[in-house]
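These notes are about the structure you will find just below.
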Amino acid sequence: MLYVFIRVMIGSIFLVSGVGKLISPYQNFLYVIQAYQVLPSWGEVLTAQIFPWIELIVGVFVFLGLWTSWSVRAALVLFGIFVVVVGQALIRHLPLESCGCFGGWIHFKPQTVIVLDSISLLLTFLLLRSLVLTKKFSLDSYFD
Amino acid sequence: MNKWLSTLVIVLALVGLIVGAKVFLAHKKVEIDWQMARAKGNPQAHVKIVEFIDFQCPACAYGINFLKTFIDKHPQDVYLQVRYFPLTNMHRHAMISALYSECAARQGKFWALDDLMIPQQQQWAQLISPEPIFRAMAQQAGINLDQLDTCLASDSARKVINDEKSLGQSLGINSTPTYFINNKMVVGVKSLQDELKNYFPGS
């Protein structure tokens, strides 16, 4: 049950994060991306419009346990990206007041976020290591 | 129902829910308030900017400085209005700085106080109470301190600020600075500069 709980929690994180960004104008998330100074301008606009959908779909799939091995891998990649992006912002001392992770709903300082993302990355790795347990009470187990 | 079909149904349902939510929450357009004291530039200008700011926001300070220079270069082509959007959950002096600004505006001294408050933002942002420094700025800006105190003690200034923040939230704003350039929303100074290039290609 612990693995199911972790799976639902990780799925919920992405679900809330994706919804928070999608229901507000994309310009808000574009501003967040610009603050991290990682992408060229065209990449920032593209990411601002597409990334929240990726978060939402990965979140729902992980939450429901659908295509679990792929959606958990996708979640792992996403957390990896977050750790790298936030980490480089901290190393470069970029003036970030909030991570912008959940749209306008919740504000976390980047220092807090990198810790939370690192823990989430480890938990997601655990889910991937024990897919049989992760897939309990999942849509995958219904279809398989 | 097989797994692929279920996946498709779930994805389509998600898209439908989000699109439906966005239609339901469709944001209003910002109206220009022609009586506002917190404005500068030419009211007949073809580029009208409404700016939502938090006076303790460093990016807002950068934006204000950028726009001052820009309007000085294009005095007939730009009209700027400032609205309040204090991020009180992030900036402890967001509301008090907005209150002083609103009370200064009521004496026609909004920009005079702004010219003092913004350059010293880093200093007063770190203070436990910025009010002594704000009072000194107010005096320097030629603001009547008795009228200032009356304004600060009243609820009306706070109501204006809260009403503008509510308006901003209904427009989909959740960070500052947010600008509406001829009603097109952009967030942050970089996007502001990119959008202004569409109107002033040489700038």
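If B:Ile64 meets every condition in (1) outside any loop (DSSP other than H, G, I, E, B); (2) open to solvent by less than 50 Å² (accessible area, probe 1.4 Å); (3) within 11 Å of chain A (Cβ to nearest Cβ) apart from one, which number is that one?
Failed condition: (3).
Has region B:181-190 got any residue that is open to solvent by 40 Å² or more (accessible area, probe 1.4 Å), within 14 Å of another protein chain (Cβ to nearest Cβ) and assigned to a helix (DSSP H, G or I)?
Narrowing region B:181-190 to residues open to solvent by 40 Å² or more (accessible area, probe 1.4 Å): B:182-184, B:190.
Subsequent filtering for residues that are within 14 Å of another protein chain (Cβ to nearest Cβ) retains B:183-184, B:190.
With the extra rule that they be assigned to a helix (DSSP H, G or I), the set shrinks to B:190.
Yes, region B:181-190 contains at least one residue that is open to solvent by 40 Å² or more (accessible area, probe 1.4 Å), within 14 Å of another protein chain (Cβ to nearest Cβ) and assigned to a helix (DSSP H, G or I).
Scan region B:160-197 for residues that are touching a residue at least 60 places away in the same chain (Cβ under 8 Å) and more than 13 Å from B:Glu51 (Cα to Cα) and report the count.
The total comes to 6.
Filter region B:167-179 down to the residues that are open to solvent by 10 Å² or more (accessible area, probe 1.4 Å), more than 9 Å from chain A (Cβ to nearest Cβ) and within 12 Å of the chain's Cα centre (by Cα) and list them by number.
Across region B:167-179, the qualifying residue is only B:Leu167.
Quick one: what pairs do we get from region A:124-144, first residue farther than 12 Å from A:Leu2 by Cα, second aliphatic (A, V, I, L, M) and outside any helix (DSSP H, G or I), C-beta under 7 Å, 6+ apart or different chains?
A:Leu139/A:Leu66; A:Asp140/A:Leu66
Of everything in region B:115-166, what is polar (S, T, N, Q), within 18 Å of B:Met36 (Cα to Cα) and surrounded by 12 or more Cβ atoms within 10 Å (Cβ to Cβ)? Give them in sequence order.
B:Asn162
Mind counting the residues in region B:191-203 that are part of a helix (DSSP H, G or I) and open to solvent by less than 60 Å² (accessible area, probe 1.4 Å)?
Residues in region B:191-203 being part of a helix (DSSP H, G or I) and open to solvent by less than 60 Å² (accessible area, probe 1.4 Å): 5 in total.
Could you list, in sequence order, all residues of region B:78-114 that are aliphatic (A, V, I, L, M) and either in a helix (DSSP H, G or I) or open to solvent by 10 Å² or more (accessible area, probe 1.4 Å) (or both)? Give the steps one after another, and end with the answer.
Looking only at region B:78-114, we keep the residues that are aliphatic (A, V, I, L, M), and these are B:78, B:80, B:82, B:87, B:90, B:94-96, B:98-99, B:104-105, B:112-113.
Result: B:Leu87, B:Met90, B:Ala94, B:Met95, B:Ile96, B:Ala98, B:Leu99, B:Ala104, B:Ala105, B:Ala112, B:Leu113.
Out of (1) within 14 Å of chain B (Cβ to nearest Cβ); (2) modelled with pLDDT of 95 or more; (3) surrounded by 22 or more Cβ atoms within 10 Å (Cβ to Cβ), the odd one out for A:Trp70 is which?
(3)
Looking at B:Ile133, B:Ile143, B:Ile161, which is the one that is more than 30 Å from A:Asn28 (Cβ to Cβ), part of a helix (DSSP H, G or I), more than 12 Å from chain A (Cβ to nearest Cβ) and not basic (Lys, Arg)?
B:Ile133
Tell me the residue from B:Leu192, B:Leu152 that is under 17 Å from B:Leu80 (Cα atoms) and at pLDDT 95 or above, please.
Checking each option against the conditions leaves just B:Leu192.
Would you mind stating whether A:Ile33 is under 18 Å from A:Lys135 (Cα atoms) and either part of a helix (DSSP H, G or I) or more than 10 Å from chain B (Cβ to nearest Cβ) (or both)?
no
The values are calculated or read from the model by the stated rules, or taken from the named source; none is laboratory data. All figures in this text were calculated on a predicted structure; none of them were measured in a lab. Cβ atoms come from the backbone with ideal geometry, glycine included; neighbour counts cover every protein chain shown. With ligands, DNA and RNA removed, areas are computed over all heavy atoms of the protein, side chains included. Shrake-Rupley method; radii C 1.70, N 1.55, O 1.52, S 1.80 Å.
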